[in-house]
1. Restricting to DSSP loop positions (anything but H, G, I, E, B) with no more than 14 other Cβ atoms inside 10 Å of their own Cβ, which GluC sites (Glu not before Pro) remain in segment 257-341?
2. Tell me, what is the FRET efficiency for S297 and T193 to the nearest 0.05, using R0 = 41 angstrom and their Cβ-Cβ distance as r?
3. Apply the Karplus parameterisation 6.51 cos²θ - 1.76 cosθ + 1.60, with θ equal to phi minus 60°, to every residue of segment 325-333 and state each ³J(HN,Hα) to the nearest whole Hz, in sequence, with x for glycine and proline.
4. Please report the antiparallel percentage of the DSSP beta bridges confined to segment 199-345, to the nearest 5.
5. Can you give the FRET efficiency for F209 and N80, using 1/(1 + (r/R0)^6), R0 = 25 Å, r = Cβ-Cβ distance, to the nearest 0.05?
6. Taking the Cβ-Cβ separation of A331 and T147 as r and a Förster radius of 30 Å, what is the calculated FRET efficiency to the nearest 0.05?
7. What distance in nm separates the two pseudo spin-label positions at C315 and I224, each 7 Å out from Cα along the beta-carbon direction?
8. For V206, V241, what ranking results if the residue with the fewest other Cβ atoms within 10 Å of its Cβ goes first?
Amino acid sequence: MNVRTLVGVAAGVVLASGALVGQSSSDQYHAPRTPWGEPDLQGIWNGNDLQGIPFQRAESLGTRTVLNDAELQERVVRRNSLVESDNAEFSLEDSEKFESFGAVGGPVSPPPHWLERAENISRQSSFLVDPPDGRMPPLTLEGQARTAAAPRGTMGGARLDGPEDFTMWERCISRGALGSTLPVLYNSGIDITQGPGYVGIRYEMVHDFRIIPLDARPHLSPAIRQHMGDGRGRWEGDTLVVETTNFTDRVGVGLSGGGTPNSPDMRLVERFTRVSPDTIRYEATVHDPRTWTQPWSVAFPLTHMPDYGMFEYACHEGNLGLRNALSASRAQETADAPGESAPPR
């Protein structure tokens with residue numbers, strides 16, 4: 001990981017077409033072109049400055065897509081308290097601070113020296129921009145059942161009896177297409193490469209990648225399912241539109257592939273628009289009527305960071321992480337044997 005400690009405060013986001021996203025200072029901006037004439041999105045992009053933004057908006061904010069000055073200052077104070085923890089002994093209190101600043105959740109969060117730091121703290125009130133209140137729509141009955149059956153992993157406090165009880169992220173398999181794009185606390189680099197007829201996207205964490213054809217070919221057979229889905233792209237002016245289908249039902253669409261797993265019928269529509277030399281406006285809409293009662297959308301800017309290092313993601317380090325978590329679960333069961341007081345999980 002690549003730790004940066006400069007603190008700044010900037011608006012960083014504006015309203016555009018009713019959604020909160022990055023936008024150029026001029027509506028007349030036109031993206032540069034590749035040698036074959038397509039808008040050029042190539043480079044290393046990152047969402048580190050979006051740390052601290054919750055996935056869903058606080059109910060108290062209603063339909064407000066940006067924080068006021070006092071609310072922004074509260075976010076700055078939380079962020080600064082994490083910086084102060086960088087060289088201090090890590091504690092449960094620090095873990096709770098990280099959760100409030102956009103961590104993936106759970107009883108334990110990474111120690112401070114693992115993490116990236118926002119340079120310009122955003123006013124954006126949530127990644128979710130539609131429905132207008134920034135809250136997830138209700139789950140269908142099938143979605144509720146799939147949520148209840150999803151593996152809890154090491155953060156969920158449930159029994160760990162085998163690899164299937166861990167999340168797909170913890171098993172270093174995939175975070176899914178949307179989960180890989182949403183910024184988290186470290187390893188949020190995104191490398192976009194283009195060639196005639198194709199766009200390639202490589203993600204720093206887990207090293208997932210996508211090869212997206214632009215030639216209007218049909219999607220794969222419905223019999224073929226992939227954690228990252230099967231994407232097909234097209235250009236609408238300066239915007240790359242990617243429609244992805246053929247998903248599995250084993251990865252969620254929240255941060256790092258967490259949350260409710262989508263159904264295999266999910267259709268993900270993403271839009272990548274370069275709106276300034278250093279900003280891509282990213283928008284994504286989830287269509288999955290088997291899981292949610294209506295479509296929902298996220299939107300946020302990605303920043304061009306040509307000097308950002310895409311670091312190796314060694315992940316489970318030879319599967320020792322899973323083995324140790326399973327052995328710890330067995331040790332906890334021994335400690336919780338009848339006749340002994342079991343600690344809360």
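Each reported figure results from applying straightforward, stated rules to the coordinates on display, with no laboratory input. Worth saying up front: this structure is predicted, and the values here are computed from it rather than measured. Every residue, glycine as well, gets a Cβ built from its backbone with ideal geometry; the counts of neighbours run over all protein chains shown.
1. E312, E317, E340
2. 0.95
3. Ordered by residue, 3J(HN,Hα) equals 5, 5, 5, 5, 5, 5, 5, 5, 4 Hz.
4. Antiparallel bridges make up about 95 percent of those DSSP assigns within segment 199-345.
5. 0.10
6. Once rounded, the FRET efficiency stands at 0.55.
7. In this crude spin-label approximation the distance works out to 2.1 nm.
8. With the sparsest Cβ surroundings first, the list reads V241, V206.
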